[in-house]
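Let me begin by presenting the structure, written as structure tokens, before commenting on it.
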Amino acid sequence: MKLWAVAGMLSLQAGVCMASDLPAPAAHDTFPVPGGTSVLLGRQLFFDPVLSGNQNISCATCHHPALGSSDAVSLSIGEGGIGLGLQRKADAANMPVARIPRNAPALYNLGAREFTTLFHDGRVQVDASARFNIAMPPGRELERPLPSPLAAQAILPVTSHEEMAGQTGENPIADAVAAGRIRGQDGAWQMLAARVEAIPEYRKQFDWIIGAGEPIHITDIGRAIADYITFDFRSTDSRYDAFLRGDDTALTNTEIQGMSLFYGKGGCGDCHGGLFQTDHDFHAIGIPQFGPGKGHGPGYADHGRAAVTGDPADAYKFRTPSLRNVTLTAPYGHNGAYARLEDMLRHHLDPLTMLAEYTLGYALLQNMQLSVSDTEVLEDFDEVQRLGMAVELEPVSLHDDEVEAILAFLGALEDPCARSGRLGVPDAVPSGLPLDPLNLNDPPPS
């Protein structure tokens, strides 16, 4: 049975799913093609704690290939923690510790050319009016051009006290960040680049890319990390991709039914359309807020996109995530509110009811003593009401077997390579610093 015939069958089943609802398969120009030398260099930098202020945390700590390119918890413990995933705990010798206000997003396919906006609130994005055509947060504008927002995004976590920089007084990087010195010769970025340059193995590898004797700049580091992410986290070999390429046997009948519901009656495809199941836009869907929040307005509120644009109409809107490998990227939502994919799906079907009935039992949080209550904003009736009033989604009624069919279709979006990454974890990194210990006893929830 040809693809057009299957699409016709779907239209009869659901009444709305037509061939035009299905995207074209990934093509040669869907992704840039990074050089092998840069990819391997970026892999080392991605796993090397040398880029953190206290040299104790790496990009991989919160974006590990074995943990769905994230860290398998609702809100990360960055600086001040030890371990990975649910095993991560506060380090008594490195305090204070706090939850990061938002869930660590998955990295799958972020190197594709269509991803021009990154972070849950879109604070890094392609913008013709911005310096070097990429908008960055205030005080962190680019010093040199970069080829993609992914490369720009890669150099931001190192400037966050809670994520990688550390606290004031702990190290020179953190002190520079606290003083607002991010850019320039005495800024945190340059200090980190100089630290990398002082390691002979890194200097030798950069010679092949930027030329012998050319000083390493933070943008060179960001470019290499982005090249690694583009290569290692590319996911275009799922059974769904095989179906798009014309293999009519790639999906089961249940998965085909789920695809029909996804693009039809369920309305999922309205926002999760395209090759990577995202419209790259921002929507308010009433995800319950907990944890420290971003401090937007009273209490621990997180106003999402509005904090970037300054437009009150954008309050509580967050970027539509891609659904590729969604079975591996739990917990879900901008703050990881739901540990189970089914619960996240049911929230979309009836957001106000789920918001009203929400408890922290839906999330996946490490048990530790914190200075800020995880539940304070949940107990703020006015804030919960404001969150609910912003919801854009209309309720959708689906039977349990229809929910199960959509979940089956979402399972077909998983690329077999996604469980470990294409290159895997290096045995060691040039700095000689220890890698994060990995405990695979904590797989992502199903």
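Annotations for the structure displayed:
- Considering (1) touching a residue at least 12 places away in the same chain (Cβ under 8 Å); (2) within 30 Å of P23 (Cα to Cα), the lone condition that G222 does not fulfil carries the number (2).
- The helices (runs of 4 or more DSSP H) located wholly in the stretch 176-237 that include 2 or more residues which are under 20 Å from H161 (Cβ atoms) occupy 188-197, 218-232.
To keep it simple, each residue is scored yes or no on (1) of a type in the set (S, T, N, Q); (2) more than 30 Å from G421 (Cα to Cα).
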residue: A313; (1), (2): no, yes
residue: T320; (1), (2): yes, no
residue: L345; (1), (2): no, no
residue: T353; (1), (2): yes, yes
residue: T359; (1), (2): yes, yes
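- Among (1) under 20 Å from the mean Cα position of the chain (by Cα); (2) closer than 16 Å to S52 by Cβ - the single one S70 does not satisfy: (2)
- Check on L349, of a type in the set (A, V, I, L, M), over 19 Å from the mean Cα position of the chain (by Cα) and surrounded by fewer than 21 Cβ atoms within 10 Å (Cβ to Cβ): yes
- Residues that are in contact (Cβ under 8 Å) with a residue 60 or more places away in the chain, assigned to a loop (DSSP other than H, G, I, E, B) and crowded, with 20+ Cβ neighbours inside 10 Å, drawn from the stretch 135-175: L142, L146, S148, A154, I155, G166, Q167
- Yes/no for A92 being without any contact (Cβ under 8 Å) to a residue 24 or more places away in the chain and either assigned to a loop (DSSP other than H, G, I, E, B) or small (G, A, S) (or both): yes
- The residues on offer are V396, V384, V377, and the sole one that is surrounded by 13 or more Cβ atoms within 10 Å (Cβ to Cβ), among the β-branched types (V, I, T) and at pLDDT 95 or above is V396.
The values are calculated or read from the model by the stated rules, or taken from the named source; none is laboratory data. None of the values given here were measured: they were computed from a predicted structure. Glycine gets a Cβ as well: all are built from the backbone with ideal geometry, and neighbour counts include every protein chain shown.
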